[in-house]
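*Asks:* Got a structure for you, questions after.
The values are calculated or read from the model by the stated rules, or taken from the named source; none is laboratory data. Since the structure is predicted, the reported quantities are computational estimates derived from the model, not experimental observations. Neighbour counts run over all protein chains shown; Cβ positions are idealised from the backbone, glycine included. The accessibility values were calculated without ligands, DNA or RNA, using every heavy atom of the protein model including side chains. Shrake-Rupley method; radii C 1.70, N 1.55, O 1.52, S 1.80 Å.
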Amino acid sequence: AGNGTGGSGSVRAARPGSAAGRERVGHGASAVPPSGDGGSSAVVVKMRGLPYSASDEQIADFFSGLRIAPNGVSIGRDAGGRPSGEAHVEFCSDNDAQAAMAFNRQRMSAPGGGSRYIELFRTKQLSSGARGRSAAAGDAAVAAPGGGA
């Protein structure tokens with residue numbers, strides 16, 4: 001009973017290169033298959049405050065040591081296709097998602113120096129239309145005919 005800072009494990013701050021030698025599940029490492037098509041045991045964590053240049057690999061590094069579902073990182077984009085500073089990350093289990101919350105209010109290094117304060121929120125689903133999209137597919141997803149300004 002507290003502020004969540006003295007939980008069952010220590011809070012690990014993300015550091016550039018901290019995932020060296022560790023598996024990044026969902027990015028070529030031995031991913032644990034999700035349980036069923038609906039992902040009933042998987043839980044999504046929403047990230048807010050990301051550097052606009054953050055990649056899905058940098059997001060996976062932020063959660064080093066936790067199991068992220070294959071293609072489980074979805075970086076939000078605005079109507080113009082630019083990164084929104086938010087992302088949804090689908091974890092392989094409720095335990096991984098719970099452990100991810102230990103990273104709430106930690107900082108992520110931004111390319112070119114500095115760092116950003118990251119807020120995390122538990123949720124049961126990805127943002128509408130985000131399921132199955134990766135950052136690489138995001139550009140094609142927003143290129144609709146006649147869309148835009």
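*Asks:* Which of the residues that make up the stretch 75-88 are out of contact with any Ser or Thr (no Cβ under 7 Å at 6 or more places or on another chain) and either within 17 Å of Arg48 (Cβ to Cβ) or open to solvent by 50 Å² or more (accessible area, probe 1.4 Å) (or both)? Steps first, answer last, please.
*Replies:* Within the stretch 75-88, the first condition is being out of contact with any Ser or Thr (no Cβ under 7 Å at 6 or more places or on another chain), and the residues that meet it are 75, 79-86.
Those that are out of contact with any Ser or Thr (no Cβ under 7 Å at 6 or more places or on another chain) and either within 17 Å of Arg48 (Cβ to Cβ) or open to solvent by 50 Å² or more (accessible area, probe 1.4 Å) (or both): Ile75, Ala79, Gly80, Arg82, Pro83, Ser84, Gly85, Glu86.
*Asks:* So, one more: So Arg131 passes all but one of these: (1) part of a loop (DSSP other than H, G, I, E, B); (2) at pLDDT 95 or above. Which condition number does it fail?
*Replies:* (2)
*Asks:* So which residues in the stretch 89-123 are open to solvent by 20 Å² or more (accessible area, probe 1.4 Å), more than 18 Å from Arg67 (Cβ to Cβ) and β-branched (Val, Ile, Thr)?
*Replies:* None - no residue of the stretch 89-123 is open to solvent by 20 Å² or more (accessible area, probe 1.4 Å), more than 18 Å from Arg67 (Cβ to Cβ) and β-branched (Val, Ile, Thr), so the list stays empty.
*Asks:* Right, something else. Residues Ile59, Ile68: which one is at pLDDT 95 or above and more than 19 Å from Gly113 (Cα to Cα)? Spell out how you get there, then give the answer.
*Replies:* Numbers: Ile59 fails: more than 19 Å from Gly113 (Cα to Cα).
Unique residue meeting the criteria: Ile68.
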